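*Asks:* Let me begin by handing over the structure; questions about it come next.
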Amino acid sequence: METDLGILSIVPPALAIILAFLTRNAVYSLAVACLVGVLIAGQGPLGFSQLMIDAIGNTSFSWVFMLEICIGIMIAFFMRTGAIQAFTQFVAYRKLSRKGVQLWTWLLGMFVFFSDYFSPLFVGTTMRSLADKARISREKLAYIADSTSAPVIVLLPFTGWAIYISGLTIGMGPIADAGDALNVFIHSIPYNIYAITAVILVGLIAAGLVPEFGPMKKAERRAMDEGKVLRDGAVPLIGRELTETPMFPDIKPRLFLNFILPVILIIIIVLGSFVLTGSAKTLEAYLAVVIFLGVSIRIQGIRLNDIMDTAMTGIKGIMPAIMILVFAYTINQLSRDMGTADYMVSISRDFLTPSMLPLATYLLAAVMAFSTGTSWGTFAIMLPIAVPVALVYSGDALTDIVYATIAAVAGGGVFGDHCSPLSDTSILASTGAASDHIDHVRTQIPYAMIAAVLTGVVYLVMGLTVWS
């Protein structure tokens, strides 16, 4: 419907976020917000169905949908072959303390750096049983998995995020080609204060050097004192099919063949395709591994009907996450149609002065990503606006203010996306940890705010002392 409704454009995402925290039901909150938005836009109730068609009837959603299906099947295969149980026993032999489990989770999250979709799902699924035995709340597990996905990936120059962000700057001032753009991105990494702080903070919390507080403290106290890793009434964002799946009868758990090798194959395919083609073939990697596991399980003596039933179990188990993603994409489409991001940019132009540019772009990117649930969409809108302004202030030269502005947009987008109940990466973190999604967001926000406030202070000080 492509229109500009001014301040009314922020009503649907704001309503979705408020209802999500009040009702703790993400699907209901998103559906209501979408319906209200359609009515505000003057489309009537029948416009809701067209909105959903526009939002999910495209290659972008199809890619995510297929990726989720593959991940669901892969997790089901891991469970049915006893691979997850074997990995749990392998780690359990190390007799890790509660702190050790948390640190292992933190390190594992940083190791799986090649995909913000795979990382939280893999880390949560892999460490869930160990975390449950150590009486670590599902909220804490989801937080560690979430904080070691996008915040880590946005700091590395050889990920899809780096290629995407740098690609958006090509043609701006002296940034002539992809090589120049990637070099600029590398120079911007030290200025991405939020991502650096978030990764360090979660490590300090996992090590017990920073104590729990707020909702997370309550969740951890419940898990430790009562043995309840989930609060009473919580709805884990994953079907029971993927949390209570028994092993195939008469199959021997093979940790390397059914778990380690498939993960290695994903890493090889994703990184190999990135090096050879410049594009990480994530979906293709998962499809290949699902096929590999299916063939491997059949060779191990499992009947074809059992394999297909397990695959269907995986698809059923991942459906709660897919349903939230459907409505998250729908409200993102609604926000684009109503001009939400354009309105936010229009009311902030007066703040884009040299000393305030990194701070202003950081704050605006954070609010935009939180409201829309998409960091990549925020990058696409903010970088073409903020970087040319920074180049004007720098005399069309690549200086610190240009690097800091790019980093501010990247960090702000990650922060907003990190905290939003509409975010796909937060949804995936809740899915992997089998946590209640709203509980994950509520407990994570106070810690993310620490990193966010510290980042804002750093940008403010730098603006007043370096770029004033």
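*Asks:* Show me, for the range 438-454, the HN-Hα J-couplings you get by feeding each phi into the Karplus relation (A = 6.51, B = -1.76, C = 1.60, θ = phi - 60°), rounded to Hz, glycine and proline as x.
*Replies:* 5, 4, 4, 5, 4, 7, 7, 4, x, 6, 5, 5, 4, 5, 5, 5, 4
*Asks:* Please determine, in degrees from 0 to 90 and to the nearest 10, the orientation of helix 59-80 with respect to the longest principal axis defined by the Cα atoms of the chain, where the helix direction is its Cα long axis.
*Replies:* The helix 59-80 is inclined about 30 degrees to the chain.
*Asks:* To the nearest 20 debye, what charge dipole does the range 228-318 have about its Cα centre, counting +1 at the Cβ of each Lys and Arg and -1 at the Cβ of each Asp and Glu?
*Replies:* Numbers: 9 positive and 7 negative charges, 24 e Å.
So the magnitude is around 120 debye.
*Asks:* Towards the positive end of the charge dipole of the chain, with charges on Cβ (+1 Lys, Arg; -1 Asp, Glu), say which of TYR362, LEU182, PHE259 has the farthest Cα.
*Replies:* It is PHE259, whose Cα lies furthest towards the positive end.
*Asks:* Probe radius 1.4 Å, ligands and nucleic acids ignored: give me the carbon and sulfur share of the accessible area of the chain as a rounded percent.
*Replies:* Working: 12310 of 18270 Å².
Carbon and sulfur atoms account for 67 percent of the accessible area of the chain.
*Asks:* In the chain, what is the count of Lys pairs whose alpha carbons are under 14 Å apart, counting only pairs at least 8 residues apart or on separate chains?
*Replies:* So the count of such lysine pairs works out to 9.
*Asks:* Could you tell me which residue out of PRO249, ALA288, ALA410 lies farthest along the dipole of the chain toward its positive end? Charges go on the beta carbon: Lys and Arg +1, Asp and Glu -1, centred on the Cα centre.
*Replies:* PRO249
*Asks:* Still on this model: With contacts defined as alpha carbon pairs under 8 Å and 6 or more residues apart, what's the relative contact order of the range 264-416 in percent? If you can, show how the numbers build up before the last one.
*Replies:* Working: 126 pairs, mean separation 29.5, N = 153.
The value is 19 percent.
*Asks:* I would also like to ask the following. Counting pairs of alpha carbon atoms under 8 Å apart in space and at least six apart in sequence, what relative contact order in percent does the chain give? All intermediate terms of the calculation are to be shown ahead of the outcome.
*Replies:* Numbers: 764 pairs, mean separation 129.8, N = 468.
Worked out over the chain, it gives 28 percent.
*Asks:* Shifting gears a bit: In square angstrom, what is the accessible area per residue of the range 57-106 with a 1.4 angstrom probe?
*Replies:* Values: 2080 Å² over 50 residues.
Result: 42 Å² per residue.
*Asks:* Say a site is exposed when it is one of the GluC sites (Glu not before Pro), sits in a DSSP loop, and has at most 10 other Cβ atoms within 10 Å; what is then the longest site-free stretch of the chain?
*Replies:* On the way: sites that count: GLU2, GLU244.
Excluding the exposed sites themselves, the longest stretch runs over 3-243.
*Asks:* Moving on to the next point. Rounding to the nearest 10 and keeping the result within 0 to 90°, find how far the Cα-based axis of helix 304-338 lies from the longest principal axis of the chain.
*Replies:* Taking the Cα atoms of the chain, the angle to 304-338 is about 20 degrees.
*Asks:* Which value, in Å², gives the accessible area per residue of the range 324-440 when a 1.4 Å probe is used on the protein heavy atoms? Display every interim value, and only then the final one.
*Replies:* Working: 2860 Å² over 117 residues.
Heavy-atom SASA per residue in the range 324-440 reads 24 Å².
*Asks:* Projected onto the charge dipole of the range 101-196 (+1 at Lys/Arg Cβ, -1 at Asp/Glu Cβ, origin at the Cα centre), which of LEU156, LEU130, TYR194 gives the Cα projection farthest towards the positive end?
*Replies:* Towards the positive end, the residue furthest out is LEU130.
*Asks:* Suppose R0 equals 35 Å. What FRET efficiency, 1/(1 + (r/R0)^6) with r the Cβ-Cβ distance, do PHE90 and LEU209 give to the nearest 0.05? Write out the running numbers ahead of the final one.
*Replies:* Values: r = 27 Å, r/R0 = 0.78.
Plugging the Cβ-Cβ distance into 1/(1 + (r/R0)^6) gives 0.80.
*Asks:* Can you give the charge dipole size of the chain about its Cα centre, rounded to the nearest 20 debye, using +1 on the beta carbon of Lys and Arg and -1 on the beta carbon of Asp and Glu?
*Replies:* Working: 27 positive and 30 negative charges, 371 e Å.
Dipole about the Cα centre, nearest 20: 1780 debye.
*Asks:* Which angle between 0 and 90 degrees, to the nearest 10, do you get for helix 47-56 versus the longest principal axis of the chain when only C-alpha atoms count?
*Replies:* Tilt of helix 47-56: around 70 degrees.
*Asks:* What fraction, in whole percent, of alpha-carbon pairs in the range 366-461 exceed 21 Å separation? If you can, show how the numbers build up before the last one.
*Replies:* On the way: 1782 of 4560 pairs.
Value for the range 366-461 (Cα pairs over 21 Å): 39 percent.
*Asks:* Need one number: convex hull volume per residue for the range 400-441, Cα atoms only, in Å³. Mind dumping the intermediate values first?
*Replies:* Numbers: hull volume 2.5 nm³, N = 42.
Cα convex hull per residue, to the nearest whole number: 58 Å³.
*Asks:* By its C-alpha gyration tensor, with a ≥ b ≥ c as the square roots of the eigenvalues, how is the range 186-293 shaped: rounded for a/c under 1.5, else prolate for a/b larger than b/c, else oblate?
*Replies:* Working: a/c = 2.56, a/b = 1.14, b/c = 2.24.
Oblate, since a/c reaches 1.5 and b/c is not below a/b.
The values are calculated or read from the model by the stated rules, or taken from the named source; none is laboratory data. Small disclaimer: the values here were computed from a predicted structure and weren't measured. Counting neighbours? That spans all protein chains shown, and the Cβs are built from the backbone with ideal geometry, glycine included. To get the accessible areas, we keep the full protein, side chains included, count just its heavy atoms, and leave off ligands, DNA and RNA. Shrake-Rupley method; radii C 1.70, N 1.55, O 1.52, S 1.80 Å.
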